[in-house]
Structure formats: C-alpha cells, structure tokens
Amino acid sequence: MRKYSTNIEHKDYHLDTEMQGNMRLFRAQRNFYICGFALFLSLVIRRLVTLISAQAILLAQNEAAMRQAQSATTTAKQLLSQKTESTQNDLNEVHNEEIAEWKNQIKDLRTKNKELEDQLIKEKKDKEAIKSQAESLAKEYDRLNDEYNNLQSNGDKKSD
C-alpha cells in the first residue's frame with residue numbers, strides 16, 4: 001500500500017496513469033484487509049476448535065465417571081446381597097468398611113461428576129459468548145463497510 005500510495009509527479013501526467021495507480025492502490029488495500037480478516041478468523045476458529053475438543057473431553061470424562069459410579073453401586077449391592085447368616089458375625093466389620101469405602105468412592109464420583117457438569121456448563125457459556133462476539137464483530141464490519149461505501153460515493157459525487 002505504501003508503494004502505491006505515493007504520488008508520482010511526471011511532466012506527462014495523464015488520467016489513464018492516475019486511474020491505473022488508484023486501481024493498484026485499491027487492490028493492495030483490498031488484499032491487505034482480506035489477509036487481516038483471514039488471520040483474525042483463523043484465530044477465532046482455532047479457539048473454537050480448542051473449546052469444542054475440551055468440551056468433548058469433559059463429556060467423555062463425565063460418562064466414564066457415571067459408569068464407574070454405577071459399577072461401584074452394583075458391586076456394593078452385590079456385596080450386600082451375598083451376606084450369609086453364618087459369616088455375618090465374622091465379616092460384618094469387613095463389609096462395613098468396604099461399604100464405607102464404596103460409599104466414599106460413590107460420593108467422590110458424584111462430586112467429580114457435578115464438577116464436570118459445572119465445567120461443561122461453563123464451556124457452553126464461553127462458546128455462546130464467543131459466538132455472540134463473532135456475530136457482533138461481523139455486524140460492526142458490515143456497518144463500517146457501508147459507511148466506507150457511503151463516504152466513497154459522497155467523494156465521487158463531490159469530485160463530479
């Protein structure tokens with residue numbers, strides 16, 4: 001843009017050369033803005049991809065925690081149902097400890113699950129915020145482009 005924005009003064013300065021210079025300046029500016037917008041969009045897309053992958057990981061962890069909690073629950077139920085009267089007095093303390101451990105594990109898994117759900121909700125909100133920012137940026141770009149076009153058309157009318 002710097003190359004084409006300087007005015008070249010010649011003895012034989014024609015309208016044709018002026019239009020050709022303006023055309024080159026316009027193309028340079030257009031290419032500059034296209035490159036800048038493409039760079040910005042690549043950053044936005046990269047951020048969206050990282051957020052989406054993090055959300056997928058959180059969903060997988062949530063599912064695994066739920067399955068582990070269900071398996072722990074079924075195991076605890078099986079252990080409780082397998083008690084017999086003959087071993088009940090001897091194994092009562094051992095089973096109580098195991099049940100307490102399973103209950104603690106279930107409680108830990110439920111808290112972990114709740115944290116993962118909270119993180120998922122937070123990531124969804126972040127995603128929506130980024131979407132709204134992108135939409136407002138696009139609206140602002142369109143508004144500035146319309147304003148630029150209006151200024152260009154007003155400049156053309158004044159020069160006539």
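Details
- Lone qualifier among THR87, THR73 - being in a helix (DSSP H, G or I), over 19 Å from the mean Cα position of the chain (by Cα) and modelled with pLDDT of 90 or more: THR73
- Listed by first and then second residue, the pairs linking a residue in segment 46-57 that is open to solvent by less than 90 Å² (accessible area, probe 1.4 Å) to a residue that is acidic (Asp, Glu), with Cβ atoms under 7 Å apart and 6 or more places separating them unless they lie on different chains, are LEU51/GLU123; LEU51/ASP126; ALA54/GLU123; GLN55/GLU123.
- Applying the set (1) open to solvent by less than 80 Å² (accessible area, probe 1.4 Å); (2) at pLDDT below 95; (3) under 36 Å from the mean Cα position of the chain (by Cα) to SER5 leaves exactly one unmet item: (3).
- Among the residues of segment 125-160, those identified as surrounded by 13 or more Cβ atoms within 10 Å (Cβ to Cβ) and either farther than 22 Å from GLY36 by Cβ or among the acidic types (Asp, Glu) (or both) are ASP126, LYS127.
The values are calculated or read from the model by the stated rules, or taken from the named source; none is laboratory data. Computed from a predicted model, the values in this text were never measured in an experiment. So basically every Cβ, Gly included, is an ideal-geometry build from the backbone, and we count neighbours across all protein chains shown. The area values use the complete protein model at the heavy-atom level, side chains included, leaving out ligands, DNA and RNA. Shrake-Rupley method; radii C 1.70, N 1.55, O 1.52, S 1.80 Å.
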